[in-house]
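Worksheet: the structure to be examined is printed underneath.
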Amino acid sequence: MPHVNVRMYPGRSEEDKARLAEAIGRALMQTLGSSERSISVVIEDVAPDDWMAEVYEPEITGKQDRLYKRPGYGPSA
């Protein structure tokens with residue numbers, strides 16, 4: 001039952017978000033063998049001014065032991 005939460009800056013169209021969710025779903029099916037009906041994807045827009053407090057600190061810095069892809073920006077870069 002993979003669930004993926006994508007948090008990104010605002011500005012992408014609903015069509016872009018739908019294509020991204022489909023691509024993530026395909027990757028999960030191909031990589032993990034998940035069934036399409038077991039996958040869920042949520043996409044949340046986060047304002048640039050809120051990024052460090054809402055995403056970087058709790059999700060990147062705060063979960064270093066579970067972070068499989070590190071960003072190339074910020075203090076942990």
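Of (1) 3, 13, 20, 21, 13, 8, 6, 5, 4, 3, 2, 1, 1, 0; (2) 3, 18, 28, 32, 17, 2, 0; (3) 3, 13, 20, 21, 21, 16, 5, 1, which one was derived for P(r) over Cα pairs in 5 Å bins from 0, in percent from the structure shown?
(3)
Taking amide hydrogens as modeled 1.01 Å from N in the peptide plane, which residues meet the under 5 Å criterion relative to Arg7, leaving out close sequence neighbours?
Correct list: Glu44.
Identify the trypsin sites (Lys or Arg not before Pro) of segment 38-75 meeting these criteria: DSSP loop state and at most 10 other C-beta atoms within 10 Å of the C-beta. Walk me through the intermediate numbers first.
On the way: sites: Lys63, Arg66, Lys69; in loops: Lys63, Lys69.
Filter output for segment 38-75: Lys63, Lys69.
In percent, what relative contact order does the chain have, based on Cα pairs under 8 Å that are 6 or more apart in sequence?
Working: 59 pairs, mean separation 28.9, N = 77.
It rounds to 38 percent for the chain.
Sum -39500 (n - 2.57) across every DSSP H segment of at least 4 residues in the chain, then divide by the residue count to get the 222 nm mean residue ellipticity, nearest 500. List each step's numbers first, then the result.
Numbers: 1 runs with 19 residues, N = 77.
That comes out to -8500 deg cm²/dmol.
Share of the chain's accessible area from carbon and sulfur, percent, 1.4 Å? Before the final figure, lay out the partial values.
On the way: 2960 of 5640 Å².
Of all accessible area on the chain, carbon and sulfur atoms account for 52 percent.
What's the local net charge at Arg7, with K and R +1, D and E -1, over the other residues with C-beta under 9 Å away?
Working: positive: none; negative: Glu44, Asp45, Glu54, Glu59.
Once positives and negatives cancel, what remains is -4.
Express the accessible area of the chain per residue in Å², computed with a 1.4 Å probe while the remaining protein chains stay in the model.
73
The values are calculated or read from the model by the stated rules, or taken from the named source; none is laboratory data. In this text, all values refer to a predicted model and were calculated from it rather than measured experimentally. Using ideal geometry, Cβ is built from the backbone for each residue, glycine included, and neighbour counts are taken over all protein chains shown. Remember, those area values only see protein heavy atoms, side chains included, never the ligands or the DNA or RNA. Shrake-Rupley method; radii C 1.70, N 1.55, O 1.52, S 1.80 Å.
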